[in-house]
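Here is the structure we will look at.
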Amino acid sequence: MPAGKIARYLLFAALIGISILTYLREQEVPAPRPTTQDRENVPASQPPEQPSGEKLATGSGFDFYVLALSWSPSYCAAEGDRANGQQCASGRPYGFVVHGLWPQYEQGFPQDCDTSQPRNVPFAQAKQLSDIMPSTGLVTYQWRKHGSCSGLTQRDYFATMRQAMQRVSIPSAYRQPSQRSPINPLVLEQAFTAANPGMQKDGIAVTCDRDYLREVRICLTRDLNFRSCPQVDRSSCRRRAVDMPGAF
C-alpha cells in the first residue's frame with residue numbers, strides 16, 4: 001500500500017480516537033457547583049402555605065388589621081327581634097363569628113374609601129362566607145366601610161378575612177355557644193393568648209356593653225402575624241364580670 005495512503009488512514013484513526021476520548025471525559029465531568037449568586041437565588045426553604053391554600057394578598061394604604069370576632073349569642077340577645085335572621089334564627093348555633101377585618105392606622109382608621117371595586121357584594125360571594133360571617137347584609141356593610149380601604153379586590157379582601165380567621169385559634173372552652181356563668185373578660189383574653197403563641201397582651205382587646213361580652217379584637221400585621229396595638233387594647237372591657245349567653 002502506498003505510504004501516502006497509509007498516512008491518511010493513520011490520521012483518520014487518530015481523529016476518531018481523539019473524539020472518543022473527548023466524549024468519555026465529558027461524561028465523567030461532575031455537574032458545576034452553584035456560584036454564590038446562584039445559591040442566593042435559591043430559597044433555603046419554601047414559605048409556609050397559607051391556611052386556606054391561597055396566596056395571601058397583602059393590602060396597602062394602612063398599617064395593620066384588626067380582626068373583630070363577635071360572640072354571636074351576645075349579638076342575638078342584645079338585638080332581640082331586630083337581630084339578623086340568617087345569624088340568629090333557631091337552629092343556627094354560632095359561637096365566635098367574624099364581625100369584620102378592619103384596616104387600621106397606628107392612630108385611628110380609614111373608612112368608606114373610594115375604590116374601583118363594586119359597592120355591592122354579589123350574593124353568591126357573600127354566601128361563601130356564611131360559615132364565618134352568617135349575615136350577607138353584614139358582608140356588604142363591612143366591605144363598604146372597611147374592605148374598600150384595604151387596597152384589595154373584593155375577592156382578595158374576603159380571602160384575606162378567611163385566612164385571618166384561620167390564623168387565630170379559638171380556645172377549646174369557647175368553641176361551642178353554650179350558656180355559661182358570667183365571665184371576667186380578662187380570663188377570656190388570657191385564654192386567647194394561651195391558645196395563640198405569639199399573641200401579645202397588648203395586641204388583643206375583649207369588649208363588652210352594659211350587659212354582655214361582645215367581641216374579641218385581635219391585631220394582625222398586613223401579612224397576618226400577631227402584633228401589639230396599644231390604642232386597640234385600651235378599648236378592652238374593664239368590668240370584672242359580664243354575661244356570655246348561649247345560643248337560643
Can you find, within the stretch 51-87, the residue that is surrounded by the most Cβ atoms within 10 Å (Cβ to Cβ) among those that are of a type in the set (S, T, N, Q) and not in a helix (DSSP H, G or I)? Ser70
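For residues that are over 25 Å from Leu152 (Cα atoms) and either of a type in the set (A, V, I, L, M, F, W, C) or in contact with a helix residue (DSSP H, G or I) (Cβ under 7 Å, 6 or more places away or on another chain) (or both), scanning just the stretch 226-235, find the one that is surrounded by the most Cβ atoms within 10 Å (Cβ to Cβ).
Asp233
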Picking from Ser235, Ser169, Ser228, Ser148, the residue that is among the hydroxyl-bearing types (Ser, Thr, Tyr) and under 22 Å from Glu79 (Cα atoms) would be Ser235
Given the options Leu138, Leu186, Leu129, name the one that is surrounded by fewer than 20 Cβ atoms within 10 Å (Cβ to Cβ), of a type in the set (A, V, I, L, M, F, W, C), out of contact with any Ser or Thr (no Cβ under 6 Å at 6 or more places or on another chain) and at pLDDT 95 or above. Leu186
Which fully enclosed helices (runs of 4 or more DSSP H) of the stretch 88-167 have 2 or more residues being among the small types (Gly, Ala, Ser) and within 15 Å of the chain's Cα centre (by Cα)? 154-167
Give the residue that is nearest to Ser72 (Cα to Cα), with candidates limited to residues of the stretch 213-225 that are in contact with a helix residue (DSSP H, G or I) (Cβ under 7 Å, 6 or more places away or on another chain) and open to solvent by 50 Å² or more (accessible area, probe 1.4 Å). Arg214
Please verify whether the stretch 227-248 includes one or more residues that are in contact (Cβ under 8 Å) with a residue 40 or more places away in the chain, under 15 Å from Ser169 (Cα atoms) and touching a Leu at 6+ places or on another chain (Cβ under 7 Å). no
Qualifying positions in the stretch 200-235 - farther than 24 Å from Gly147 by Cα and assigned to a loop (DSSP other than H, G, I, E, B): Gln200, Asp209, Arg210, Asp211
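The values are calculated or read from the model by the stated rules, or taken from the named source; none is laboratory data. Keep in mind that this is a model prediction, so the values were computed, not measured. FYI the Cβ positions are ideal-geometry reconstructions off the backbone, even for glycines, and counts take in every protein chain you see. Quick note on the areas: whole protein, heavy atoms, side chains included, nothing else; ligands and nucleic acids left out. Shrake-Rupley method; radii C 1.70, N 1.55, O 1.52, S 1.80 Å.
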